[in-house]
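Bear in mind these aren't lab numbers, they're just calculated from the coordinates by the rules spelled out. As the structure is a prediction and not an experimental result, all values here were calculated from the model. Heads up, the Cβs are rebuilt from the backbone with ideal geometry, glycines too, and the neighbour counts pull from every protein chain shown.
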Amino acid sequence: MRELVHTVGRRFARVATRAVVAQPGLWRVFRGPLRAQFNWMASGWEYRRGPEALVSLEAALDREERLPARVLDLGTGTGKAARVIARRFPTAEIVGVDLSAAMVEEAARLLPNDLRGRVSFRVGDASALPFEDGFFDLVVLLNMIPFFSELGRVAAPGGTVLIASSSGPQTPIYVSPATLRSRLAPFGFDRFDEVCAGEGTAFIARRAKG
């Protein structure tokens, strides 16, 4: 029964992603159901996928050209990506944001003590983030719907947006590189890179320093 619910959830996430990327105003229709879905899955989410789910993210982080001071992990879930980023950039401050309060609770519970001074988690809506313009040097999305206007707003001049998909095009929440390129370019992102690693893919968008 639980696996059936996960299958239905993956299909719903795929439909939601396509709809919201095409028409961002539809987010108000999908937000509540997706929040409920991820609240329900939070208790077992950490263990549904192993290290293979992070391979494309880690490969893309290898290409980061500078040490970021502030990093935003959007759709943080139980904080897997945030922990990887914190280990990779030991002087960075990382904020993980997720729509699901239950996911944020799990992320905080699983955070190792040695990272607690630099990594924090908060409940938030990626379509309306509570951060200043240009606040983050690096914005990471792992299997997360992108809200392009907010990505353009919170990424700093010279900053990077990294969008990783654990299973490439088979990921329920997936947006094609062509769409990512066309939707991020108007916000000043002018250097793009694509990564394939393991089962996954990642898209890197770098912004001019201004």
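Summary table
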{"quantity": "Lys/Arg +1, Asp/Glu -1 at C-beta; the chain dipole; positive extreme among 172, 107, 196", "calculated": "172"}
{"quantity": "Within the stretch 43-148, GluC sites (Glu not before Pro) in DSSP loop having at most 16 other beta-carbon neighbours inside 10 Å", "calculated": "46, 65, 132"}
{"quantity": "Proportion of all alpha-carbon pairs of the stretch 2-207 beyond 27 Å (%)", "calculated": "22 percent"}
{"quantity": "Residue 191-residue 122 FRET efficiency (beta carbon distance; Förster radius 25 Å; 0.05 resolution)", "calculated": "0.25"}
{"quantity": "DSSP-loop trypsin sites (Lys or Arg not before Pro) across the stretch 54-122, with at most 13 other Cβ within 10 angstrom", "calculated": "63, 66, 116"}
{"quantity": "DSSP beta bridge pairing in the stretch 2-207, given as percent antiparallel to the nearest 5", "calculated": "40 percent"}
{"quantity": "Choice from 187, 131, 148 with maximal GNM fluctuation in the chain (Cα, 10 Å cutoff)", "calculated": "131"}
{"quantity": "Summed side-chain charge close to residue 37 - residues other than residue 37 whose Cβ falls under 12 Å, Lys, Arg +1, Asp, Glu -1", "calculated": "+4"}
{"quantity": "Estimated [θ] at 222 nm from DSSP helical runs (n ≥ 4, -39500 (n - 2.57)) normalised by residues in the chain, nearest 500", "calculated": "-12000 deg cm²/dmol"}
{"quantity": "Exposure proxy ranking, count of Cβ atoms within 10 Å, fewest first, for 91, 201", "calculated": "91, 201"}
